[in-house]
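We did not get these values from a lab; they are worked out from the coordinates using the rules stated. What you are looking at is a predicted structure, and each value in this text was computed from that prediction instead of being measured. Here the Cβ is made from the backbone with ideal geometry for all residues, glycine too, and neighbour counts use every protein chain on show.
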Amino acid sequence: MRYLSKDERREEILQAAMRVALAEGLAAMTVRRIATEAGVATGQVHHHFASGGELKSLAFVRLIRTLLDADIVAENANWRERLHGMLGSDDGGFEPYIRLWREAQILASRDPEIKSAYILTMEMWHQETVAIIQGGADAKEFTLTDRAENIAWRLIGLVCGLDGIYVLNMAEMDNAAFNKHLDKLITLELF
């Protein structure tokens with residue numbers, strides 16, 4: 001084991017937790033599993049993090065921040081395309097992140113640390129969505145009939161509901177239907 005500063009070792013363990021989360025989900029994120037992935041003793045994990053729950057929550061929030069910061073649409077995309085990308089990308093590479101977010105939603109009802117992390121990520125998503133809506137309004141591409149914050153919550157609510165139906169693999173809710181419904185609400189809210 002090479003010498004790392006305290007911050008470097010902490011970051012190495014956090015990165016290992018993130019890899020486990022993406023590959024195997026939140027439920028697989030035991031201290032032992034993360035320590036194995038990081039190549040450290042379990043005592044090192046406990047030394048750098050107050051609890052396994054803290055580490056799991058930090059890893060989850062960092063992964064969702066990565067998802068929200070991803071370049072989903074082209075740099076020259078219009079505001080509608082940016083909004084659609086923030087709310088529902090067809091990029092299959094993001095599926096591990098979406099699965100993780102779904103798992104966190106379920107775990108939030110019985111794990112207070114995951115609940116706090118899940119709420120934080122929803123607020124982060126909301127802030128990013130509001131920024132896009134406001135940017136589109138400032139560019140005169142969107143017409144605001146309500147506060148951007150309220151429109152963002154309605155759009156996020158629709159996406160969460162559609163996703164809940166989508167995971168059931170119902171024939172009526174494939175990618176095309178998801179996009180059609182999302183586009184319809186964007187049009188109703190902003191055009």
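A few notes on this one:
- Working from label points 7 Å from Cα in the Cα-to-Cβ sense, the ALA23 to SER5 distance is 2.8 nm.
- Cβ-to-Cβ counts within 10 Å put VAL167, VAL45 in ascending order as VAL167, VAL45, the fewest first.
- Mean residue ellipticity (222 nm) of the chain, computed from DSSP H runs ≥ 4 via -39,500 (n - 2.57), nearest 500: -23500 deg cm²/dmol
- Normalised contact order of region 74-190, rounded percent, pairs of Cα under 8 Å and 6 or more residues apart: 29 percent
- Across region 1-106 the C-alpha pair distances fall into 5 Å bins from zero in the proportions 2, 12, 21, 19, 14, 11, 9, 6, 4, 1 percent.
- Taking Cβ atoms as reference points and 12 Å as the exclusive limit, the residues near HIS48 contribute a net charge of -2, counting Lys and Arg as +1 and Asp and Glu as -1.
- Taking other C-beta atoms within 10 Å as the exposure proxy, HIS181, HIS46 rank HIS46, HIS181 from fewest upward.
- With K and R counted +1 and D and E -1, the other residues having a Cβ less than 11 Å from that of ALA176 yield a net charge of -3.
- Multiplying the residue separation of LYS180 and TRP153 by 0.36 nm and subtracting their alpha-carbon distance yields 7.9 nm.
- Least to most buried among MET170, MET86 (fewest other Cβ within 10 Å first): MET170, MET86
- Debye log10 I(q)/I(0) for the chain, one point scatterer per Cα, at q = 0.18 Å⁻¹: -1.16
- Between LEU168 and ALA70, the C-beta separation translates, for a Förster distance of 25 Å, into a calculated FRET efficiency of about 0.45.
- Environment charge of GLY135, counting only residues whose C-beta is closer than 13 Å and scoring Lys/Arg +1, Asp/Glu -1: -1
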